[in-house]
Amino acid sequence: MINVIGLGYIGLPTALMMAAHGVNVVGTDYNAELISTLKAGKTTFKEEGLDELFRRALLSGIRFTTEYQVTDTYIVSVPTPYDKFLKKVDPCYVIAAVEDVLRVCPKGATLVIESTVSPGTIDKYVRPVIERKGFVIGDDLHLVHAPERIIPGNMVYELLHNNRTIGADDRAVGERVKSIYASFCQGEIVVTDIKTAEMTKVVENTFRAVNIAFANELAKICRHDNMDVYEIIRICNMHPRVNILQPGPGVGGHCISVDPWFLVGDYPSLAKVIDESMKTNDGMPDFVLNRIYEIMKERQMTDITRVGLYGLTYKEDVDDVRESPTLQLLESQERHLATGLKVYDPFVEKDIVKNQYHCLEEFLDAIDFVVIMVKHSEIREKMHLLEGKVILDCHNICELPEVYHI
Ligand code: SAJ
């Protein structure tokens, strides 16, 4: 039996996927409310294919509880927040979960950590916790790091098809864990050591962050000299060895906007390109705010309350608002002692910011100037509703005439 600890954005789909493929799974989370929602047969966030996977996992007998189980394999998928000021990972939830596993696990159990951690975290924080409790790693307990790689918005497909990395001290243990993941994963599963596995995960997200920063920097250069960044990127990408990403209003989510900072925090004098890239991405919401003021001036608009931000989530067609560029833009506006921007997002049902609307038509009636912060399918399908508005399109998705870009 596998006990998956932490049933959030990664732990839940992983537990469901294993169960749907015949693995005996118990999901544990300390959040009793979340467990009762799952026990009531409801998923806790929106994701393509998740409800169907949930149905299959229930049929296969998955169980949910707040209790840690006595079993031979644990998968820890708890959050790893980062300290914004120190730019370092905070392993407190991982450590707490490991301590709780140690309270119940039998001798010889395997502990797999899926949570993203910075390189060296397992050596520095996890091993000492295990050793302090009197466990001999490799004998009483086997340690493995299997970082998750799935992308919100396409999690179910990527769980099935992505290649995976398993880091283990002992090759045989790595191979055994590989066979568990192979119960559902159709991609290649590489077995390596723990520190390499930690580093690969952070490097993958850093690669994407640096490349998005490059696109954002190009957007700024092109804005400065009135060139069309999208046309330039489109043409450059026709070169066989060029593949530039897209500029946007900022980088959100709990991964790409966070993980690269671990490298800057740990190697401040070495991670120069990464540091600059992260600053470029973090500066994008402010850049958009300045564009809003610039366009208002050009259109002789003075009332900021007639301006609306479309989209609050960190990217399209997900309900996750962590590190969202829209939230960053609103914070920045408040720091300048200004407020009044209206906001709407079809995926955010609760009120989380001021002046938030829950109906697209009402939102549009209340504004003259719309800023497309997130390219949800909804706005792509209903673009005609924006006719007659001043439009700042941060994703180049709007084909109406006279649209402004970042
Ligand atoms: N973005 C751009 N321009 C682009 C692509 C993305 O501005 O060309 C922005 C998005 O709008 C969003 C942010 O970047 O705000 C991040 O979105 P994303 O879709 O690139 O990635 P995430 O954060 O949803 O998921 C990433 C993935 N990592 C990589 O692609 C290397 C995923 O595979 C990881 O599992 C996930 O991080 C994670 O959990 O670490």
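Residues in the range 275-317 that are surrounded by fewer than 23 Cβ atoms within 10 Å (Cβ to Cβ) and part of a loop (DSSP other than H, G, I, E, B): GLY283, ARG299, GLN300, MET301, THR302, ASP303, LYS315, GLU316, ASP317. Taken together, the residues in the range 41-58 that are basic (Lys, Arg) and closer than 19 Å to LYS315 by Cβ amount to 1.
A quick yes/no check of all residues on (1) without any contact (Cβ under 8 Å) to a residue 12 or more places away in the chain; (2) within 16 Å of the ligand (Cβ to nearest atom):
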| position | (1), (2) |
| --- | --- |
| ASN162 | no, yes |
| ILE166 | no, yes |
| ALA172 | yes, no |
| GLU175 | no, no |
| ALA182 | yes, no |
| MET199 | no, yes |
| ALA209 | no, yes |
| ALA213 | no, yes |
| ASN216 | no, yes |
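ILE221 passes every criterion in (1) more than 9 Å from the ligand (Cβ to nearest atom); (2) surrounded by 15 or more Cβ atoms within 10 Å (Cβ to Cβ); (3) not in a loop (DSSP other than H, G, I, E, B) apart from (2).
Would the range 232-242 turn up any residue that is within 15 Å of the ligand (Cβ to nearest atom), closer than 30 Å to ASP169 by Cβ and assigned to a loop (DSSP other than H, G, I, E, B)?
no
When VAL26, VAL98, VAL129 are checked against the criterion of being surrounded by 21 or more Cβ atoms within 10 Å (Cβ to Cβ) and either in contact (Cβ under 8 Å) with a residue 24 or more places away in the chain or among the hydroxyl-bearing types (Ser, Thr, Tyr) (or both), VAL98 stands alone in meeting it. Any residue in the range 131-153 that is within 16 Å of the ligand (Cβ to nearest atom), within 24 Å of the chain's Cα centre (by Cα), modelled with pLDDT under 95 and on the phi > 0 side of the Ramachandran plot? Within the range 131-153, one or more residues are within 16 Å of the ligand (Cβ to nearest atom), within 24 Å of the chain's Cα centre (by Cα), modelled with pLDDT under 95 and on the phi > 0 side of the Ramachandran plot. Out of curiosity, is GLU114 within 21 Å of ASN162 (Cβ to Cβ), within 24 Å of the chain's Cα centre (by Cα) and surrounded by fewer than 18 Cβ atoms within 10 Å (Cβ to Cβ)? When the stated conditions are applied, GLU114 does not pass them.
The sole residue among VAL112, VAL101 that is at pLDDT 95 or above and out of contact with any helix residue (DSSP H, G or I) (no Cβ under 9 Å at 6 or more places or on another chain) is VAL101. Residues that are of a type outside the set (Asp, Glu), within 13 Å of the ligand (Cβ to nearest atom), assigned to a helix (DSSP H, G or I) and farther than 28 Å from TYR9 by Cα do not occur anywhere in the range 253-268. Restricting the range 1-60 to residues that are charged (D, E, K, R) and within 16 Å of the ligand (Cβ to nearest atom), the residue that is nearest to TYR157 (Cα to Cα) is GLU48. A count restricted to the range 305-325 and to residues that are more than 8 Å from the ligand (Cβ to nearest atom) and of a type in the set (Lys, Arg) stands at 2.
Residues of the range 277-320 that are without any contact (Cβ under 8 Å) to a residue 24 or more places away in the chain, among the basic types (Lys, Arg) and closer than 25 Å to GLU402 by Cα: LYS297 alone. All conditions in (1) part of a helix (DSSP H, G or I); (2) farther than 30 Å from GLU276 by Cα; (3) among the hydroxyl-bearing types (Ser, Thr, Tyr) hold for TYR93, with the sole exception of (2).
The values are calculated or read from the model by the stated rules, or taken from the named source; none is laboratory data. Note that the structure is a prediction, hence the values are computed from the model and not measured. When we count neighbours, we look across all protein chains shown, and the Cβ atoms used for this are built from the backbone with ideal geometry, even at glycine.
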